[in-house]
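Worksheet for the structure shown next.
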Amino acid sequence: MNREELKAAITGKWPSAVWEEGNEWATLLGEPEPFPHMMTLLRQDPDLQMDYLFCMTCVDWKTHLTMVYHLRSMAHRHELTVKVKLDRTNPQIETVSHLWRTAEFHEREVYEMFGVRFLNHPDLRLLILPEGWEGKFPLRKDFEDPVNMIRL
Amino acid sequence: MGVIRYLRDIWRGAVSLARGMRRTLYYFLRPKEIITQQYPDNRLTLNLPERFKGEVVMPHNENNEHRCTGCQACELACPNGSLKVIYKYEITAEGKKKKAIDKLVYHLELCTMCNLCIEACPSDAIKMAQTFEHSVFDRSQLIKILNKPGSKIMEGVE
Amino acid sequence: MGAASLIMLMLAGFTFAGMAIFISSLLNKGSVNRQKGEPYECGIPTKGKTWIQFNVGYYLFALIFLIFDVELIFLFPWAVAAKQTGWLALWEMVIFLLILFLGFLYAHKKGALKWM
Amino acid sequence: MWSFQQAAQQIHEWLSERMSAGWALALEMVLAGLMAIGLFAMLGLILVLMERKVSARMQVRLGPNRVGPKGMLQTAADTLKLLLKEGLTPDGADKWLFHAAPIMAIVVSMLLLAPIAFAMDFQLWDVNIGVLYVSAMSSLMVISILMAGWASNSKYSLLGAMRSGAQIVSYELSAGLSVLTVVTLTGSLQISEIIRSQADGWWIFKGHVPVWIAFVIFIIAITAETNRAPFDLAEAESELTAGFHTEYSGIKFALFFLAEYINVFVLCGIGATLFLGGPMPFHIGSWEGLNRIMDWIPSSVWFFGKTFLLIFVIMWFRWTFPRLRIDQLLNLEWKYLLPLGMVNVLLAALIAIKGWHF
Amino acid sequence: MYHETEILETRTDAEGHEWMTINVGPQHPATHGVLHLVITLDGETIVKVDPHLGYIHRSIEKMCESLSYRQFIYVTSRMDYLSAHINNHGCALCVEKGLQVEVPPRAQVIRVLMDELTRIASHELWWGAMAMDLGAFTPFFYAFREREMINDIMEETCGARLTMNYMVPGGVMHDIHPNFQRRVKEFLKDYKRKISEYDEVVTENIIFQNRMKGIGILSPEDAISYGCSGPVARGSGVHCDVRKHYPYEIYSSLQFDEVLESGGDCFARYLVRMREMKESVRIIEQLIDNIPEGDFQAKTKAVLKLPKGEFYSKVETARGEFGVYIVSDGGTTPYRIKFRSPGFSNLSVLDKLARGNKIGDLVAIMGTLDLVIPDIDR
């Protein structure tokens, strides 16, 4: 399916879909509340079958955080971006690690780098950063580390 | 049947091992294949390709002149802040103030040899040298000043 | 030189090892560092105890070995005498080994030789 | 022709003339002990250098070539370095066992020297159960490894020791069975007797298929017994860093290292004696001229030549093969080598009884 | 699923076996870098593997936020240092996508040639290191002998051996060295002869085959779910070669096969890489005599500015799919940059593959996953 067909197909199955324009791939905007159902649909629907989460990250927009999920269907070869806006002070979102196992590691990374709490994640603890780093989120824009950061 | 297969497995395994042993014996018996380079001994004959990026240097001509105008393009191009231009103002013959370098400080310990500064330099003042033996006992010795003492800018370089 | 050489060799072994360790202790001067006493585990302090009740897999082999080793001891005198005793020795040993082999097959079928 | 045998005889006579029998024996023993120590040190230096050179050549590189002419003194320099190193003892270790283990390893490999015939009729102890003695002694090697691994209080060491326990013990059987084929053919356990039985041809030539099979099994078994690759699971460096001697440093580590090489030497010497005639020169039936030339080469040269040939084969294994996994290692023994060895002994007995060997 | 608190202590299972927790790494011969695995063992059998990362974490993503679009490419060489050139390629592609620059054909061909040489070099190193993990030392030197020839070719053209820094947005930094074509051809001739030695020493070896076959079986479903890519996923029969399915540069016009194996075990992953080297040779042979004339670099502005928006580009490195995700706010530096490194996803499958296997198998599995630690930590 190309981009427009994919959009139409998803809108048919998920009528409340909101689309963001101007990107390379179709970009679906999600809300934290119905997000798990939407992801389950994307993963399990035989027409969509987005079984490959090839990239997952978070962007700090200073006012809010945006989770970005890049999905691909290995069978149909179409790609989709899902974005979810999160509250910056208390970011919480449902985990997707039961749908895509790779998300388990990626969510741990996002957890320690951005402080997003993934609900129902099986093993949410620090992956890369050493013990005792909780509370400081290196990839947020306001992170400062006078020792290890070199400003150019 | 079982016994035959059992013995055949042994035979096949033995043959596969023997083939590997033949290859190692081949090299054992052929000292010509040895590829070791005896590094400190062959230093004199060591030929590095002309593009090899060893460190940034600033060529001077015989009159102790370089081509650097102090434009700071290299400093801006460097991803790690390895280059710092410390400049001064010189009074030219016409009595005008002109920007020139006092020192071009080069931090070899930060440099990743990415060649961006050389690409960025508008007057070809710096280039990569083929030296590679940079180890020193003190890290501060890696901070180098590229322009030689008392050097000045070459005529005609803007 | 006879059996006395065993004592001599044993003493030589002790002397050799003892001298080496002694000379080494004279030559090096130790420094005190608490981390030197840590058991090596790739630079991470070890967790849990080391001397644990180990998985039985290793010991099973030792047990089976014992059975076969005793059998091997029987084979030694037989092997020396086999040439003189002739056919009788061969048949006896065939039967002996057959029984042993059956035992071996039993152990194999029971999975005693399977690594766990 | 000068030989070890004559030299020993002369020293014995010289000493007996000058003092009482007891003193003479005591002095002889001291001399022999010093020689054993000297042999130990020399073998250690030579074998380590040989290993490094052999591996280097197989790996298309030069190997040690800086210390001394052609790097000959490299191992001496290494030994000096290890002597100067501090020996660490982990805090939680069982101190007594920890220090005793390397000494034990050295003593065991020293004891293994007793029945080796370094030259014709030149043995420390020509015991009538020589082969059995070697089997018995070589199984003691595992004890020092178990001691070292257990005492270190390190998990890597413990795993290595446990592995070697299962491994050495298993391959003991195959080594024993393959030795038995030669014993069956000879009808004696005495080393000198076995050497004499090969005067008209080595067992590898006149023993037919069973001896060939036994020889292969023996080589595999001694590789495993001495913890050499591809059976070096006790010290598998990519899995257990250094296995049972992870915690050993300085000279204690060197002692383990040395003991391993000496064990390789001794067991290869036994293999050379049983299958390749030991100090017995190479003879071809009626070719008198050739036989005379062969006799002219001293018997000790024959022995060391054959032994080093076998050592080279074992090194060759090490630098060619990947390591086996522990269950494959035991499978190889219990499913292939042991049944084959058992059948092979019977085959050898059949040949011995029918007199089919030459 | 076990939690951290549980695995700290040695545990006893229902049958009375005591479990042992053992640290493998960060200083361990088998981890090829500073990977720290906490392994729970029952005897020799692995109950759980828990990777602890971050020993070489430099936060490259954060660093890139303060670097310009020309500068950040060179930092990415330090991620997957074995396919540094392909990493740079991915970044350059992403910047070019944002700038909408057309790369001259000569530059495209040079880039692809360098990519494939890098891939061979990377697989060579993997091959030697993996054989060394399994206890065979000698293949390591054979592999390095051939790798050295590639490095020499690289050094001549790019000026460096490992982190070449040869990419610039819009092309490559220099033109190829005059000797380049001749030396590559010499290398290929020699290499095709040498690669049969590899089979003799390692592939056909019975010990090696027994160590690899049936170990660490990864099903295609798991490979997809765990986000595996590259030879790891292709060993399970997953069609995931970016060069084939999302072609970039001139890959769509080249003749090469996507290497697939169906076994999913260590040996399948091994064979995929071995065959991939031969495919790379094939690609190089097609291109080496057909380098088009022309510019090696497109004209770009001195200061690059990407328009506001998001850009994603992916390339196939030696380890799998490498993605670059740039969020731009219209400035001279990326607002946020995310590298989808193949090693990170490939590592996550380690626990699943290792469970129930022996310690010796763990080494084989890690070897065939081909982990490069800076790539995982970033």
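We did not get these values from a lab; they are worked out from the coordinates using the rules stated. Not measured: the values here are computed from a predicted model. Note: ideal-geometry Cβ built from the backbone for every residue, glycine included; neighbour counts use all protein chains shown.
On the principal axes of its Cα set, how long, how wide and how thick is the stretch C:56-116? Give whole Å, largest value first.
45, 18, 10
If you put +1 on each Lys and Arg Cβ and -1 on each Asp and Glu Cβ, how big is the dipole of the protein assembly as shown around its Cα centre, in Debye rounded to 20? List each step's numbers first, then the result.
On the way: 117 positive and 124 negative charges, 308 e Å.
In total the dipole reaches around 1480 debye.
Classify the stretch E:233-285 from the C-alpha gyration tensor, please: rounded if a/c falls under 1.5, else prolate or oblate depending on whether a/b exceeds b/c. Display every interim value, and only then the final one.
On the way: a/c = 3.42, a/b = 1.59, b/c = 2.14.
Oblate, since a/c reaches 1.5 and b/c is not below a/b.
I'd like the mean, over residues of E:196-208, of how many other protein chain beta carbons sit within 10 Å of each residue's own Cβ.
Values: counts 1, 4, 1, 3, 8, 10, 5, 2, 6, 10, 10, 14, 8.
Shielding by partners across E:196-208 averages 6.
With Rg and the Kirkwood Rh both taken from Cα atoms, where does Rg over Rh land for chain A?
Dividing the radius of gyration by the Kirkwood radius yields 1.00.
What translational D, rounded to a whole number of µm²/s, comes out for the stretch A:65-152 from Stokes-Einstein when the hydrodynamic radius is the Kirkwood one over Cα pairs, at 37 °C and 0.692 mPa s?
On the way: Rh = 14.5 Å.
Roughly 226 µm²/s, to the nearest whole number.
Enumerate the calculated ³J(HN,Hα) couplings along the stretch D:128-144 in order (Karplus 6.51 cos²θ - 1.76 cosθ + 1.60, θ = phi - 60°), each rounded to whole Hz, writing x wherever the residue is Gly or Pro.
6, 10, x, 5, 5, 4, 5, 4, 5, 5, 5, 6, 6, 4, 5, 5, 5
Mind listing the phi-derived Karplus ³J(HN,Hα) values for the stretch D:153-167, rounded to whole Hz, using 6.51, -1.76 and 1.60 with θ = phi - 60°, and x for any glycine or proline?
Ordered by residue, 3J(HN,Hα) equals 6, 10, 5, 4, 4, 4, 4, x, 5, 4, 4, 5, x, 5, 6 Hz.
By how many degrees, between 0 and 90 and to the nearest 10, does the Cα long axis of helix B:2-28 differ from the longest principal axis of chain B?
Around 40 degrees separate the two axes.
Which whole-Hz couplings ³J(HN,Hα) result when phi for each residue of the stretch E:200-213 is put into the Karplus expression 6.51 cos²θ - 1.76 cosθ + 1.60, θ = phi - 60°, listed in order with x for Gly and Pro?
Listing the rounded values in order: 5, 7, 10, 4, 7, 4, 5, 5, 4, 4, 5, 5, 9, 6 Hz.
Relative to the compact globular guide of 2.2 N^0.38 Å, what is the alpha carbon radius of gyration of the stretch D:164-271, as a ratio? Write out the running numbers ahead of the final one.
Values: Rg = 16.5 Å, N = 108, 2.2 N^0.38 = 13.0 Å.
The reported ratio for this selection is 1.27.
Just the Cα atoms of the stretch B:55-153: what Rg and Dmax do they give in Å?
13.8, 47
Of D:LEU45, D:GLY92, D:SER164, which is farthest on the positive side of the dipole of the stretch D:32-182, counting Cα position, with +1 on Lys and Arg Cβ, -1 on Asp and Glu Cβ, and the Cα centre as origin?
Of the listed residues, the answer is D:LEU45.
Quantify how strongly other chains surround peptide D:154-166 by giving the mean number of their Cβ atoms within 10 Å of each of its Cβ atoms.
Details: counts 7, 17, 10, 3, 7, 8, 0, 1, 7, 4, 1, 5, 9.
Average neighbour count from other chains, rounded to a whole number: 6.
Tally Lys and Arg at +1 and Asp and Glu at -1 over the other residues with C-beta under 10 Å from the C-beta of B:VAL57: what net charge comes out?
Numbers: positive: B:LYS127, B:LYS144; negative: B:GLU55.
Combined, the nearby Lys, Arg, Asp and Glu give +1.
Could you work out how far helix A:35-44 tilts from the main Cα principal axis of chain A, as a 0 to 90 degree angle to the nearest 10?
The answer is roughly 50 degrees.
Given charges of +1 on the Cβ of Lys and Arg and -1 on the Cβ of Asp and Glu, with all other atoms neutral, how large is the dipole of the stretch B:55-153 about its Cα centre, in debye to the nearest 20? It would help to have the intermediate numbers written out before the result.
On the way: 13 positive and 12 negative charges, 87 e Å.
So the dipole magnitude of the stretch B:55-153 works out to roughly 420 debye.
If you fit an axis through the alpha-carbon atoms of helix C:87-109 and take the longest principal axis of the Cα set of chain C, what angle between them do you get, 0 to 90°, nearest 10?
The helix C:87-109 is inclined about 60 degrees to chain C.
Can you put A:HIS37, E:HIS177, A:HIS70 in order of Cβ neighbours within 10 angstrom, beginning with the fewest?
Values: A:HIS37 12, E:HIS177 19, A:HIS70 22.
Ranking A:HIS37, E:HIS177, A:HIS70 by Cβ neighbours within 10 Å, fewest first, gives A:HIS37, E:HIS177, A:HIS70.
Give the whole-number value, in cubic angstrom per residue, of the convex hull volume spanned by the C-alpha atoms of the stretch D:252-303. Display every interim value, and only then the final one.
Details: hull volume 3.1 nm³, N = 52.
Once divided by residue count, the hull of the stretch D:252-303 is 59 Å³.
Given the C-alpha centroids of the stretch A:3-77 and the stretch E:278-310, what is the distance between them in whole angstrom?
If we compute the Cα centre of each part, the gap is 32 Å.
How do E:SER225, D:SER16 rank when sorted from fewest to most other Cβ atoms within 10 Å of their own Cβ?
On the way: E:SER225 22, D:SER16 14.
So the ranking, lowest neighbour count to highest, is D:SER16, E:SER225.
When every alpha-carbon pair in the protein assembly as shown is counted, what percent end up more than 40 Å apart? Display every interim value, and only then the final one.
Working: 371340 of 674541 pairs.
Every Cα pair in the protein assembly as shown considered, those over 40 Å come to 55 percent.
How big is the stretch A:3-90 along each principal axis, measuring the range of its Cα positions in Å and listing the largest first?
Largest to smallest, the principal-axis extents are 38, 23, 23 Å.
Rounded, prolate or oblate: pick one for chain E, where a ≥ b ≥ c are the square roots of the eigenvalues of its C-alpha gyration tensor, a/c under 1.5 means rounded, and failing that, prolate if a/b is larger than b/c, else oblate. Can you show the working numbers first?
Numbers: a/c = 2.17, a/b = 1.41, b/c = 1.54.
Taking the square roots of the gyration eigenvalues as a ≥ b ≥ c, chain E is oblate.
How high is the relative contact order of chain D? Use alpha-carbon pairs under 8 Å, at least six apart in sequence, and give a whole percent. Please report the intermediate quantities before stating the final value.
Values: 520 pairs, mean separation 80.2, N = 358.
After rounding, I find 22 percent.
Give the dimensionless ratio obtained when the Cα radius of gyration of chain D is divided by 2.2 N^0.38 Å. Walk me through the numbers on the way to the answer.
Values: Rg = 21.2 Å, N = 358, 2.2 N^0.38 = 20.6 Å.
Cα Rg divided by the expected 2.2 N^0.38 Å: 1.03.
Binning at 10 angstrom from zero up to the longest distance, how are the C-alpha pair distances of the stretch E:185-278 distributed in percent?
Cα pair-distance distribution for the stretch E:185-278, in percent: 16, 38, 33, 13, 0.
Going by amide H atoms built from the backbone, whose H comes under 5 Å of the H on D:SER249, apart from near neighbours?
D:LEU88
Given the convex hull over the Cα atoms of chain C, what projected area results after averaging over all orientations, in nm²? Kindly include the intermediate steps, with their values, before the conclusion.
Working: hull surface 58.6 nm².
Taking a quarter of the hull surface, the average projection is 14.7 nm².
Rounded to a whole number, what is D in µm²/s for the stretch D:94-184 from Stokes-Einstein with the Kirkwood radius over alpha-carbon pairs (20 °C, 1.002 mPa s)? Could the numbers behind the result be given before it?
On the way: Rh = 14.5 Å.
Answer from the Stokes-Einstein relation: 148 µm²/s.
Report, in debye and to the nearest 20, how large the dipole of chain A comes out about its Cα centre when Lys and Arg carry +1 and Asp and Glu carry -1 on their Cβ. Can you show the working numbers first?
Details: 18 positive and 24 negative charges, 26 e Å.
It comes to approximately 120 debye.
Let me know the longest stretch in chain A that avoids all GluC sites (Glu not before Pro) found in a DSSP loop with at most 12 other C-beta atoms within 10 Å. Could the numbers behind the result be given before it?
Values: sites that count: A:GLU21, A:GLU131, A:GLU134, A:GLU144.
Counting only loop sites that pass the neighbour cut-off, the longest clear stretch is A:22-130.
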